[in-house]
Amino acid sequence: MQEYVDIGRGRTARRVYGLNQIDIVPSRRTRSSHDVDTSWKIDAYSFDIPVMTHPTDSIVTPEFAIEFGKLGGLPVINAEGLWGRVDDLDAALRGVVEAARKAESALFEEGDATTASDIFGANAELQRLHALELNVDLLQERLNQVRESGVRFAVRVSPQNARELAPALIKSGMDLLVVQGTLVSAEHVHRDGEPLNLKEFIGSLDIPVIAGGVVDYTTAMHLMRTGAAGVIIGSGHTTNNESLGIDVPMATAIADAAAARRDYLDETGGRYVHIIADSSLHNSGDVAKAIACGADAVSLGLPLATAASAGAPNWYWPSTAGHPKLPRGLVEEVGLGETQPLEELLFGPTTNPIGGENIIGALRRSMAKCGYTDIKSFQKVDLVVR
């Protein structure tokens, strides 16, 4: 039963919950974590772990994508990011970090004299870089580097540019296409051009498509009806709440999407659409809770930022941070100044007791403590609200 509360005369709102407001309930039966299977299969592709990367240049470079793929996950590359805009990717990433450090210094040294341009200088640098012309040949060259490694990978495009970029990207040999914006609908209407009808677009392609992000039942159902293989819930580590006033806590958003998946399964007589959580994921406990709420996989950004192989180690920004008119993400320093091998972040061992490392090991243990041995069954675990 949905719970509604009055927020004023004539206005009610639904009560919803974030991942930090719920907990997983262990069952009377436990299992060994060695018996747990964390594999994820979407369409024709199988992955050892139910994790894909958020498509941010701060983490995903060609080298990182290859390493992440070899460790069993799905790397997602931002086709509209810096891969196809700058010859020296490392130098460009260093420039963003330097702008962020300069902003930090200005904030602490100048106090009240600090201007917005000082504080958000890193966003300005990202905007400058993203304004450079997209060189599709350079992008394909870097995508080919990933393809030649033999790993499975996905490429992200925005709804605005999906129709234009998809043909060239598919030629690069990618395995999945991700059509992703902060908030996506089944039909993107553009005043100055032909609207993107996702159902027609996806139907014209020969590769599976993951689409999102969405935060409600209705839009999730609409995206499932487009033929998408997966739907992204959330939009990463963004400032949508502060800039747009839009936010739905992830526990509720995932559960609503899971309800849409169930109803769509009945509607189609058996077509299953995967749900990928992509917000409010800070540690391994959040990953476990997201799957317990109904997600089939998660998209990680911030938790991978301390990897030694990340594009800008110990710094993070979402793919929306470089938007030309309204950035919805901060460039921020993360971690304690040290980096870890990506393999340790995912599989341990670790000395970190608060879920920042050994993310998959913690997921396996959570599933085992509750008596479940696979992702699908773990979605049935009992939950409580704080």
### Task
Could you look through the range 274-325, keep only residues that are out of contact with any Leu (no Cβ under 8 Å at 6 or more places or on another chain) and without any contact (Cβ under 8 Å) to a residue 60 or more places away in the chain, and pick out the one that is surrounded by the fewest Cβ atoms within 10 Å (Cβ to Cβ)?
LYS325
### Message
Criterion first (closer than 27 Å to GLY285 by Cα and at pLDDT 95 or above) does ALA228 satisfy it?
### Response
no
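Specify which of the listed residues (SER243, SER235) is at pLDDT below 95, open to solvent by 40 Å² or more (accessible area, probe 1.4 Å) and of a type in the set (Gly, Ala, Ser). Give the derivation first.
Values: SER235 fails: open to solvent by 40 Å² or more (accessible area, probe 1.4 Å).
After applying the criteria, what remains is SER243.
Could you list, in sequence order, all residues of the range 105-131 that are at pLDDT below 70, open to solvent by 80 Å² or more (accessible area, probe 1.4 Å) and either in contact with a Lys or Arg (Cβ under 7 Å, 6 or more places away or on another chain) or not aliphatic (A, V, I, L, M) (or both)?
Here is the first cut: in the range 105-131, the ones at pLDDT below 70 are 106-118.
With the extra rule that they be open to solvent by 80 Å² or more (accessible area, probe 1.4 Å), the set shrinks to 107-110, 112, 117.
Passing the criteria: PHE108, GLU109, GLU110, ASP112, SER117.
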### Residue ID - nearest to SER32 (Cα to Cα), chosen from residues in the range 377-386 that are surrounded by 13 or more Cβ atoms within 10 Å (Cβ to Cβ) and touching a Phe, Trp or Tyr at 6+ places or on another chain (Cβ under 7 Å)
PHE378
### Query
Looking only at the range 3-23, which residues are among the acidic types (Asp, Glu) and under 27 Å from ASP278 (Cβ atoms)?
GLU3, ASP23
### Query
From the list LEU176, LEU205, LEU169, LEU196, which one is over 26 Å from TYR316 (Cα atoms) and open to solvent by less than 30 Å² (accessible area, probe 1.4 Å)?
LEU196
## Note on the structure
Taking the range 1-37 and keeping residues in contact (Cβ under 8 Å) with a residue 12 or more places away in the chain and of a type in the set (Gly, Ala, Ser) leaves GLY18, SER27, SER32, SER33
### Task
Considering only residues that are under 29 Å from SER299 (Cα atoms) and among the basic types (Lys, Arg), look in the range 1-31 and name the one that is least open to solvent (accessible area, probe 1.4 Å).
ARG14
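Output the residues belonging to the range 289-331 that are among the hydrophobic types (A, V, I, L, M, F, W, C) and more than 15 Å from the chain's Cα centre (by Cα).
ALA292, CYS293, ALA307, ALA308, ALA310, ALA312, TRP315, LEU326, LEU330, VAL331
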### Task
Find the residue count for the range 311-358, including only residues that are in a loop (DSSP other than H, G, I, E, B) and among the hydroxyl-bearing types (Ser, Thr, Tyr).
3
### Query
Limited to the range 337-376, what total is found for residues that are over 23 Å from the mean Cα position of the chain (by Cα) and exposed (fewer than 14 other Cβ atoms within 10 Å of the Cβ)?
5
#### Entry: For PRO26: the one exception among (1) under 18 Å from the mean Cα position of the chain (by Cα); (2) farther than 16 Å from ARG147 by Cβ
(1)
### Query
Among the numbered criteria (1) touching a Pro at 6+ places or on another chain (Cβ under 8 Å); (2) surrounded by 15 or more Cβ atoms within 10 Å (Cβ to Cβ); (3) at pLDDT below 90, which single criterion is violated by VAL189?
(2)
## Note on the structure
Of those in the range 132-154 that are part of a loop (DSSP other than H, G, I, E, B) and touching a Pro at 6+ places or on another chain (Cβ under 9 Å), the residue surrounded by the fewest Cβ atoms within 10 Å (Cβ to Cβ) is SER149
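The values are calculated or read from the model by the stated rules, or taken from the named source; none is laboratory data. Being a predicted model, the structure only gives us computed values, none of them experimental. Glycine also receives a Cβ, built like all others from the backbone with ideal geometry; neighbour counts cover every protein chain displayed. Accessible surface is based on the protein model in full, side chains and every heavy atom, while ligands, DNA and RNA are left aside. Shrake-Rupley method; radii C 1.70, N 1.55, O 1.52, S 1.80 Å.
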